[in-house]
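Below: the structure, in structure tokens.
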Amino acid sequence: MSDVRKVSVLAVDDSKTMLAMIASQLKGSDFEVIATASSGPEAVEKFKQHKPQLVLLDIVMPEVSGIDTLERLLDADTGACVVMVSSAGSEDNVQACLKKGAKSFLQKPIQKDGMLATLKNVCQQVGVEL
């Protein structure tokens with residue numbers, strides 16, 4: 001097996017099923033889920049601990065919303081590369097996230113090919129090598 005370095009991903013969603021699905025869909029790709037979180041505060045903690053190259057962040061979560069969590073991640077690291085994920089994909093939500101610093105947006109239900117294409121595109125935008 002080759003020693004190809006994968007792009008590290010922190011997946012954040014309050015649904016354990018969604019976290020498992022994301023990890024499963026990224027298996028065998030250029031991306032690897034290195035940590036998961038089920039809340040905004042946990043996401044910020046895991047982000048600081050693991051320093052992932054990409055964050056997949058759900059918008060609708062209890063306690064702290066994904067939009068507020070996005071701001072906290074960018075406060076912790078202005079170079080954080082965050083892709084928002086949600087079934088609440090109204091144009092207003094998408095624009096709010098992009099305006100606050102998200103690199104892209106994925107609509108649930110997530111399709112594997114669409115997710116991989118979006119993540120590769122984001123990596124190219126920010127200069128992360130695949």
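A compact table of results
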read-out: For M61, M115, order by how many other beta-carbon atoms lie within 10 Å, fewest first; value: M115, M61
read-out: Column: log10 I(q)/I(0), Debye, Cα scatterers of region 40-115, q = 0.12, 0.13, 0.16, 0.27 Å⁻¹; value: -0.29, -0.34, -0.52, -1.36
read-out: Cα-centred dipole magnitude for the chain, charges only on beta-carbon of K, R (+1) and D, E (-1), debye, nearest 20; value: 300 debye
read-out: Exposed GluC sites (Glu not before Pro) absent: longest stretch of the chain, with sites in DSSP loops and at most 12 other Cβ within 10 Å deemed exposed; value: 64-128
read-out: Principal-axis tilt of helix 66-76 within the chain, Cα atoms, nearest 10 degrees; value: 70 degrees
read-out: Over the chain, volume per residue of the alpha carbon convex hull, in Å³; value: 99 Å³
read-out: Residue order, fewest to most surrounding Cβ atoms within 10 angstrom, among D68, D58, D92; value: D92, D68, D58
read-out: Per-residue [θ]222 nm for the chain (sum of -39500 (n - 2.57) over DSSP H runs n ≥ 4, rounded to 500); value: -13500 deg cm²/dmol
read-out: Per residue Cα convex hull volume in Å³ - calculated over region 13-67; value: 73 Å³
read-out: Longest DSSP-loop-exposure-free segment, trypsin sites (Lys or Arg not before Pro), the chain, at most 13 other Cβ within 10 Å; value: 28-130
read-out: Helix 91-100 vs. the chain, principal-axis angle (Cα, 0 to 90°, nearest 10); value: 70 degrees
read-out: Crossing angle, helix 16-26 versus the chain [Cα axis fit, 0-90 degrees, rounded to tens]; value: 40 degrees
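Just so you know, all these numbers are worked out from the coordinates, no wet-lab data involved. Source: prediction; values computed, not measured. Virtual Cβ from ideal backbone geometry, glycine too; neighbours counted across all protein chains shown.
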